[in-house]
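First up is the structure itself, then whatever we jot down about it.
Please treat every number below as a calculation from the coordinates, not as lab data. Quick caveat, the model's predicted, so the values are computed rather than measured. Methodologically, a virtual Cβ is constructed for each residue, glycine included, from the backbone with ideal geometry; neighbour enumeration extends over all protein chains shown.
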Amino acid sequence: MKKSHLRHLGHQARFHHEPHPYEGRSSHDDRSAHHFGPAGFGPGFGPGFGPGFGPYGPGFGPRGRGRGRASRGDIRAVILSLLSDGPSNGYGLIKSIAERSGGAWRPSPGSVYPTLQQLVDEDLIAPTGEGKRTEFALTDEGQAYVAEHQDELARAWESSRPKRTEQEAVFQESVGKLMGVVGQFHHAATDEQRAAAVEKLDEVRRALYLILAD
């Protein structure tokens, strides 16, 4: 696979936010999660609560990932680790990293595809198949590298797991309870009850912003 082709693949995935045509979707795409329906309390719990306050996931929303940006070395190591289990395409690698990290780490195509190209250049991986079936697999050199660097690969996975304090766990539990009640209002409450709930939610939102401002 030519460098320009792989770079084009990464460029398309990054700017269109969709997997490249080479990469099939799974019915278990994590973007199919319901955030209490399209009309009420939408993704990230709506603009009133701000991004990163979404339902249930680590960090409570799209930006609440629970860890900082991963280093290129971490991405390189986990890709090699995943490919030691079998060939995969770029989209599959992104999804597997998110699943294995408990949703705490979902690398962007803009970080995965350049890393794949680097590994191809190092002869540690090679593309297999053509067209929609194109995947990446470890070469003999890649298999030897993985065997010799097991500790390094394990540390990369350890660093991908969110590290939460006891208070963070309590906070997440409290938010989960709140979201459960909000879900009931979305599906079972009357318009009058929802209006009363909106007033209370607005009060909570303002109070939370004041806490952050201290």
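What list of ³J(HN,Hα) values in whole Hz, one per residue of region 126-134 in order, does the Karplus curve 6.51 cos²θ - 1.76 cosθ + 1.60 (θ = phi - 60°) give from phi, with Gly and Pro shown as x?
Those phi angles translate into 8, x, 10, x, 9, x, 5, 9, 5 Hz.
Kindly state, to the nearest 0.05, the FRET efficiency for L208 paired with E158, given R0 = 41 Å and r defined as their beta-carbon distance.
Details: r = 32 Å, r/R0 = 0.78.
E(calc), rounded to 0.05, equals 0.80.
Would you grab the residues whose amide H sits under 5 Å from the one on I125? Only those 5+ places off in sequence or on another chain, please, with H modelled 1.01 Å from N.
V120, T139
Calculated FRET efficiency, E166 and H187, Cβ-Cβ r, R0 25 Å, to nearest 0.05?
After rounding to 0.05, the efficiency reads 0.15.
What residues qualify as long-range amide H neighbours of F136, i.e. H under 5 Å apart, gap of 5 or more or another chain, H built at 1.01 Å from N?
For F136, the qualifying residues are S88, N89, T128.
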